[in-house]
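The values are calculated or read from the model by the stated rules, or taken from the named source; none is laboratory data. In this text the structure is predicted, and so the values were computed from the model without any measurement. Don't worry about glycine lacking a Cβ; one is built from the backbone with ideal geometry, like all the others, and counts go over all protein chains shown.
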Amino acid sequence: MPLTHKAIEALARQRVEKLTPDGTPNLYLHTRASGAANWLCRTTIAGKRTPFTIGPWPEVSASQARAVAPVIVRLADQGHGVQSIRNGLKLTLDPDRLAAVVRGEKVAGDRATPIFEVVAREWYENHLKGGLSEGPYKRQVLQQLEDHVFPRLGRRPINEVRRREIVDALHDLWVNHNPTASKVRGNIARVFDYAIDHALREDNPTPPPRSMPKKQHLVVHFSALPYERAPEFWQWLHDRPRMGIHTHVGIALALLLGKRTSEIRKMTWDQIDFEHALWVTPAENMKKRKAHRQPLSRQAQEKLQILRDLGNREGFVFDSGRGKPMSENAMLFAVKRFGEITTHGFRATLGSWCAETGVNKQVSDLIKAHQPKYLDAAYNRVDLLEERRKVLQDWADYVTAAA
């Protein structure tokens, strides 16, 4: 029997990671600990269970999901590619229109233009992927678009994207990671050139480098949360019921531990020693290419335990669901809702609190994995772990006092 509206609401309120059959063949409601819910269609292709995301509930109604699920299964049974079906779902949930789009048929009266993500993936598959030699750059091109562009522009019709939108989407990356941003901007321009060649639009809106914001070496200082407002931010973070649980925990760890966003995103379960309350970041994930031991406060352990209780205890702690770490923009976009701050700025927040409360600067710098010239050989051999443990626990107690 199909799920009723009340049953769907009750499942969402449970705030648990769960896949519930709808009653319609192959259709499931995927609920998350954040309270979010998505409709999924699962079917078997070449002996493998394959999921297709239909869309979020309640934006996509139960009746819409039930109408389109059989079409997805039928298209898969007819041998149409998984990516073709997924691309079609991004364009339409109308059953007849979806079938026509996937089959490559023209739809009467259909003037819809494909979205940016669909065109970008088509450009990559048809005009770029085959021309690149094997190596990290081959996958990096698409990964950078997935991380930095699709979250902001991916669902925009290709002929409606404007220059200002591209500038806004790349702003933080351009200021903080200019070499990467330059590559991404160049690939965005190539996607729009491809769109022009295929009569999807008449101009290329990609901004030239001179139109982008200037690189600011000290931007983190202007983006830092004042330490006096850290307890307020902590309360705000816990008042966001629709925030994804991985994003929530990642932001909490960034504030509590003063670690770089990249180090948090690439954290794996085998780096965490729960018995000794320790996180060991390997050298390859560190800016200075030197392994870093970071003590875990009680509050940091509690946050990690939330993810541990979800059952996945291998690979990335913050898995995107594709065996890759979550996007670096996930946390950045979330904290922007609080104000003009960044997760990287939490390092400066912690540093300011340490200075104000009289924490030894050598201890403070070692917490943030800084290695200034004044740190002599003795301090390079001893990482003052227990001193740092006490400081981080005091900081966590300060941040969470009002919670």
Count of residues meeting criterion [outside any helix (DSSP H, G or I), within 18 Å of residue 296 (Cα to Cα) and either not hydrophobic (A, V, I, L, M, F, W, C) or not assigned by TED's automatic domain parsing to the domain that holds residue 386 (or both)] in the range 344-369: 1
Cβ pairs under 7 Å, 6+ apart, first in the range 262-282 and more than 17 Å from residue 309 (Cα to Cα) and free of Cβ contacts under 8 Å to residues at least 24 places away in the same chain, second of a type in the set (Val, Ile, Thr) and in a loop (DSSP other than H, G, I, E, B): none
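Among the residues that make up the range 303-316, is at least one of them within 19 Å of residue 236 (Cβ to Cβ) and outside any loop (DSSP other than H, G, I, E, B)?
So the first thing to find is which residues in the range 303-316 are within 19 Å of residue 236 (Cβ to Cβ), and the list is 303, 306.
Next cut, outside any loop (DSSP other than H, G, I, E, B) only: 303, 306.
Within the range 303-316, one or more residues are within 19 Å of residue 236 (Cβ to Cβ) and outside any loop (DSSP other than H, G, I, E, B).
For the range 270-287, which positions are at pLDDT 90 or above, in a loop (DSSP other than H, G, I, E, B) and either hydrophobic (A, V, I, L, M, F, W, C) or under 12 Å from residue 253 (Cβ atoms) (or both)? Write out each step before concluding.
As a first pass, look at the range 270-287 and keep what is at pLDDT 90 or above: 270-280.
Right, trim to in a loop (DSSP other than H, G, I, E, B) and you get 274-277.
Result: 274, 277.
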Residue within the range 387-403 that is of a type in the set (S, T, N, Q), modelled with pLDDT of 90 or more and either within 26 Å of residue 307 (Cβ to Cβ) or not assigned by TED's automatic domain parsing to the domain that holds residue 253 (or both) present: yes
Qualifying residue in the range 34-56 (condition: of a type outside the set (Val, Ile, Thr), touching a residue at least 40 places away in the same chain (Cβ under 8 Å) and in contact with a Leu (Cβ under 9 Å, 6 or more places away or on another chain)): no
Near pairs, Cβ below 9 angstrom, 6+ apart or cross-chain, from the range 197-211 (within 19 Å of residue 185 (Cα to Cα)) to any residue that is polar (S, T, N, Q) and not in a loop (DSSP other than H, G, I, E, B): 209/182
Hey, residue 237 surrounded by 14 or more Cβ atoms within 10 Å (Cβ to Cβ), of a type outside the set (Gly, Ala, Ser) and closer than 22 Å to residue 352 by Cβ or not: yes
Test for residue 228: is it over 30 Å from residue 159 (Cα atoms), assigned by TED's automatic domain parsing to the domain that holds residue 341 and surrounded by fewer than 19 Cβ atoms within 10 Å (Cβ to Cβ): yes
Members of the range 145-180 found to be among the basic types (Lys, Arg) and touching a Ser or Thr at 6+ places or on another chain (Cβ under 8 Å), listed by number: 163
Filter pass, residue 184 being more than 19 Å from the chain's Cα centre (by Cα) and either at pLDDT 85 or above or in the same structural domain as residue 323 (by TED's automatic domain parsing) (or both): no
Filter result for residue 290 (surrounded by fewer than 21 Cβ atoms within 10 Å (Cβ to Cβ) and either out of contact with any Pro (no Cβ under 8 Å at 6 or more places or on another chain) or of a type in the set (Val, Ile, Thr) (or both)): yes
Check on residue 11, touching a Ser or Thr at 6+ places or on another chain (Cβ under 8 Å) and closer than 22 Å to residue 90 by Cβ: no
